[in-house]
Structures are given as structure tokens and as C-alpha cells.
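Engineer: Encoded as C-alpha cells, here's the structure I'll be asking about.
The values are calculated or read from the model by the stated rules, or taken from the named source; none is laboratory data. What you are looking at is a predicted structure, and each value in this text was computed from that prediction instead of being measured. We place every Cβ from the backbone using ideal geometry, glycine too, and count neighbours over all the protein chains shown. We work out accessible area using only protein heavy atoms, side chains counted, and drop any ligands, DNA or RNA first. Shrake-Rupley method; radii C 1.70, N 1.55, O 1.52, S 1.80 Å.
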Amino acid sequence: QSSPPEEKIKTLDKAGVLHRTKTVDKGKRLRKKHWSASWTVLEGGVLTFFKDSKTSVTGGLRQPAKLSTPEYTVELKGASLSWAPKDKSSKKNVLELRSRDGSEYLIQHDSEAIISTWHKAIAQGIQELVRQ
Ligand code: I3S
């Protein structure tokens, strides 16, 4: 039985600036980490990292995508999320996201409160897709 149409409307779950780096690309470990601050949007079961962090300032929440190019798009279906083990990074508050296609990302924010709300939102996004 399919869900009613209103449940399929994509809603913005969360958006903000996070530090992130990709560490594995489809099973292949990348040689170097390149941390950068990026405008990040969680919407409709997809986490999108934009190329830069400035969009939020210039474009505002309403049209972030128009002024910036997505750099990484992570489908949360089949993904897993955990706190990164200490050997993955010396930074604090680091999350590790593994996508179903075998890519891995580290996501970080100096504020424990902020990273915790992202942890909750991404974990919930993954959970909601489990039975779909
Ligand atoms: O895993 P690594 O090599 O310790 O990661 C660090 C490097 O990516 C480093 O870049 P350079 O090798 O160009 O200096 C970054 O500046 C560091 O932030 C990385 O370590 P952390 O522990 O911050 O993820």
C-alpha cells in the first residue's frame, strides 16, 4: 500500500554550516582529507553538501541551491551513521556517515549541541527510509 501523497512532499529537515570531508569514495580510501566548511542541507532523505559555506549568508534559507553547486549528495537510504572513532580524526564532535555505495564522510562541528541535533536528524532520516 502506498503512502498518501502528502507524505511524499519533500520537507526541509535541517540546514546549516558544517565541517566535512570525504574519506572513502565508493570503497576507495582517499589519500588526503580536505576539511571544509560547507552549507549542508538535509531534505527528503538526502544529505547535500554544497561547495562552500557562503550560500546561507547571500541566499538565505529560501534559495540556497541556486547560488551554489552541490559537491556531494548522500542518499540516506541504506546509509549508517556513528560517532567517528578517535583514530579517524583529532577533531572533537566528529560523525562518520557511510553511504550504501561505499563512500564515507566525516562531519564535524565544534559545538556539541549543534552536532547532536544533526546526529539526531540524520539518524532519523536513515531510520525513516528503512522500510521504504
Ligand atoms: O588523517 P590526517 O592526515 O591526520 O588528516 C589531517 C590532514 O588532512 C590535514 O591536512 P594536511 O595534511 O594538508 O595538513 C588536515 O589539516 C587535518 O585537519 C587532518 O586531521 P584531522 O585530525 O583534523 O581530521
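Engineer: Take I126 and tell me if it is open to solvent by less than 100 Å² (accessible area, probe 1.4 Å) and over 19 Å from H34 (Cα atoms).
Structural biologist: On the way: open to solvent by less than 100 Å² (accessible area, probe 1.4 Å): yes; over 19 Å from H34 (Cα atoms): yes.
When the stated conditions are applied, I126 passes them.
Engineer: Further, regarding this structure: Could you say whether any residue in the stretch 14-22 is open to solvent by less than 70 Å² (accessible area, probe 1.4 Å), at pLDDT 95 or above and part of a loop (DSSP other than H, G, I, E, B)?
Structural biologist: The answer is no, given that none of the residues of the stretch 14-22 is open to solvent by less than 70 Å² (accessible area, probe 1.4 Å), at pLDDT 95 or above and part of a loop (DSSP other than H, G, I, E, B).
Engineer: In addition: Considering only residues of the stretch 85-110 that are basic (K, R) and within 16 Å of the ligand (Cβ to nearest atom), which is most open to solvent (accessible area, probe 1.4 Å)? Don't jump to the end; show me each part of the working.
Structural biologist: Within the stretch 85-110, the first condition is being basic (K, R), and the residues that meet it are 86, 88, 91-92, 98, 100.
So of that shortlist, the ones also within 16 Å of the ligand (Cβ to nearest atom) come out as 86, 88, 91-92.
Details: K86: 173, K88: 47, K91: 82, K92: 117 Å².
Once the filter is applied, the top-ranked residue is K86.
Table: residues versus (1) open to solvent by less than 30 Å² (accessible area, probe 1.4 Å); (2) at pLDDT 95 or above; (3) within 16 Å of the ligand (Cβ to nearest atom); (4) under 13 Å from G16 (Cβ atoms).
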| site | (1), (2), (3), (4) |
| --- | --- |
| K33 | no, yes, yes, no |
| W39 | yes, no, no, yes |
| L61 | no, no, no, yes |
| K66 | no, no, no, no |
| W83 | no, yes, yes, no |
| R131 | no, no, no, no |
